[in-house]
Amino acid sequence: MIARRSIRGLCGALALGFVFMGASPAQVPTYSVGATPTGIPFTFLDAKTNTIQGAMVDVIAAIASDAGFKVTIQSTPFPALIPALTDNRIDIIAAAMLITAQRRDIVDFSDPVFPYPEGMIVNIGDKTAYRSLADFKGQVVGAQVGSVYVELLKRNGDFAEVKVYDSLADILREVSMGHIRAGFGDAAIFRYQLAQNASFRASLVPTYEPKLIGSIGIGVRKSDTELLAKINASLAKLRANGTIDKILARWGVK
């Protein structure tokens with residue numbers, strides 16, 4: 001009798017165990033996000049916390065929360081973002097990366113997150129009302145490695161030299177010290193860095209007419225169509241309810 005009850009109890013416990021196992025929630029997927037350490041205010045390394053922070057980090061975190069997945073942020077130099085994505089070292093690009101036809105040949109992008117043009121910076125003592133690349137014929141200029149602006153300068157300007165730098169902060173320093181005549185890059189990042197660091201002896205040229213007015217997008221592998229659909233759905237929802245605008249405004253890029 002005891003043995004029979006024990007067997008019945010054991011069977012019940014096993015059955016209950018299977019019910020509990022079947023009822024456990026599905027594991028939430030986690031995606032590795034590549035973000036640059038030098039693209040302030042969109043993505044940058046916060047020295048106090050040793051973590052990557054910025055507007056695009058907040059955007060992808062908000063999208064992940066809405067779409068039901070988790071993200072881990074991985075510091076990745078700008079030129080390495082697309083190779084890291086295609087090599088499966090990261091799953092998502094969330095940085096100040098413009099959507100271009102050339103990049104679309106390699107990866108897919110979300111709907112635009114934030115539109116903005118390039119900016120021109122010169123030494124703070126240069127008050128000339130420059131309007132185009134042609135104004136710097138025969139001069140030495142600079143842009144960030146891996147950015148669309150390197151090709152823009154090489155294709156559209158008759159410069160003495162186009163120097164390439166690791167970050168926009170490097171370009172700001174070179175212009176400040178007079179090592180190059182002008183620098184080209186994301187206007188929003190230049191504006192933010194100039195406002196945050198008074199040591200830069202450089203300024204944006206208000207009369208310059210941009211040649212590239214593009215949009216930042218979130219990058220994924222071409223095979224990740226389901227992930228892209230989730231990102232776009234949440235992005236549309238967060239734009240409609242004002243969350244995206246609030247994030248951009250908080251970082252001074254709206």
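Taken as a whole, the condition of being touching a residue at least 24 places away in the same chain (Cβ under 8 Å), surrounded by 18 or more Cβ atoms within 10 Å (Cβ to Cβ) and either touching a Cys at 6+ places or on another chain (Cβ under 7 Å) or not in a loop (DSSP other than H, G, I, E, B) (or both) does not apply to Ile180. Scanning segment 197-254 for residues that are of a type in the set (A, V, I, L, M, F, W, C), part of a helix (DSSP H, G or I) and more than 26 Å from Val28 (Cβ to Cβ) turns up Leu248, Ala249. What residue, among those in segment 152-172 that are among the charged types (D, E, K, R) and in a helix (DSSP H, G or I), is surrounded by the fewest Cβ atoms within 10 Å (Cβ to Cβ)? Filtering first and then ranking leaves Arg155. Listed by first and then second residue, the pairs linking a residue in segment 239-254 that is of a type in the set (Lys, Arg) to a residue that is surrounded by fewer than 12 Cβ atoms within 10 Å (Cβ to Cβ) and not in a helix (DSSP H, G or I), with Cβ atoms under 6 Å apart and 6 or more places separating them unless they lie on different chains, form an empty list. Just one of the listed residues (Val145, Val175) is of a type in the set (A, V, I, L, M, F, W, C), out of contact with any helix residue (DSSP H, G or I) (no Cβ under 8 Å at 6 or more places or on another chain) and open to solvent by less than 50 Å² (accessible area, probe 1.4 Å), and it is Val175. Which ranges mark the helices (runs of 4 or more DSSP H) fully within segment 24-136 that have 3 or more residues being open to solvent by 20 Å² or more (accessible area, probe 1.4 Å) and more than 24 Å from Phe184 (Cα to Cα)? Answer list for segment 24-136: 55-67.
Among the residues of segment 33-45, at least one is more than 18 Å from Asp166 (Cα to Cα) and modelled with pLDDT of 95 or more.
Restricting the first member to segment 227-238 and to residues that are modelled with pLDDT of 95 or more, and the second to residues that are outside any helix (DSSP H, G or I) and open to solvent by less than 60 Å² (accessible area, probe 1.4 Å), the beta-carbon pairs closer than 6 Å and six or more apart or on different chains are Leu227/Val220; Leu228/Asp108; Leu228/Val220; Ile231/Ser110; Ile231/Ile218; Asn232/Ser110; Leu235/Ser110. Under the condition of being crowded, with 20+ Cβ neighbours inside 10 Å and either under 14 Å from Ala55 (Cβ atoms) or more than 15 Å from the chain's Cα centre (by Cα) (or both), the residues counted in segment 231-250 number 6. The residues in segment 209-226 that are over 16 Å from Ala61 (Cβ atoms), at pLDDT below 95 and within 16 Å of the chain's Cα centre (by Cα) can be counted, and the count is 2.
For segment 160-217, a residue qualifies if it is acidic (Asp, Glu) and over 16 Å from Pro117 (Cα atoms), and the qualifying residues are Glu161, Asp166, Asp170, Glu174. Would you confirm whether or not segment 210-229 contains a residue that is open to solvent by 30 Å² or more (accessible area, probe 1.4 Å), more than 16 Å from Gly54 (Cβ to Cβ) and touching a Lys or Arg at 6+ places or on another chain (Cβ under 7 Å)? No; the residues of segment 210-229 include none that is open to solvent by 30 Å² or more (accessible area, probe 1.4 Å), more than 16 Å from Gly54 (Cβ to Cβ) and touching a Lys or Arg at 6+ places or on another chain (Cβ under 7 Å).
The values are calculated or read from the model by the stated rules, or taken from the named source; none is laboratory data. Note that this is a predicted model, so its numbers are computed, not measured. Ideal geometry is used to build each Cβ from the backbone, glycine not excepted, and the neighbour counts take in all protein chains shown. Calculation scope for accessible area: heavy atoms of the full protein, side chains included, ligands and nucleic acids excluded. Shrake-Rupley method; radii C 1.70, N 1.55, O 1.52, S 1.80 Å.
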